[in-house]
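As C-alpha cells, the structure follows; a few thoughts come after it.
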C-alpha cells in the first residue's frame, strides 16, 4: 500500500474521515497477513514509511503508524503519506538459557504467601 490520504474531504466530518483511513490501513494489514506464507517463512512482516508527503516520508514501525496519524490530525494536517509493504519474516531462535527460567522466578517470588 502506497497512498496519500486526504483528511479534508468536503461534505464529510473530519473525525469520520480519520476513522475510515485507520480502518482501511488495518483492513490492508489483516488481508496481507491472511495470505499464504512462502516456503521457509514464519510470518508476514511489514516495512513502513510515513510522512506528510511522499518526499519527506521516513521509516516507521508498524505499531507507530496509528500514533503518527493521530499526530498529523491533531496538528491540523490536511494529508499524509503512508507506505506499508509486506515482506516475509523468519523467527530467530532464542539463545540458550534466556527467558526459559523467567516463569520459575515469578513463581518463587509470590509462591509462599509470606
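Take residue 50 and decide whether it is over 20 Å from residue 20 (Cα atoms) and in contact with a helix residue (DSSP H, G or I) (Cβ under 8 Å, 6 or more places away or on another chain). In short, no.
Quick one: would you say residue 24 is modelled with pLDDT of 95 or more and either over 22 Å from residue 89 (Cβ atoms) or more than 19 Å from the chain's Cα centre (by Cα) (or both)? Judged against the criteria, residue 24 is a match. Going through region 5-22 one residue at a time, which ones are closer than 16 Å to residue 83 by Cα and surrounded by 14 or more Cβ atoms within 10 Å (Cβ to Cβ)? Passing the criteria: 5, 21, 22.
The values are calculated or read from the model by the stated rules, or taken from the named source; none is laboratory data. Predicted model, so just to flag it, every value in this text is computed and none were measured. Here Cβ is always computed from backbone atoms with ideal geometry, including for glycine, and neighbour counts include all displayed protein chains.
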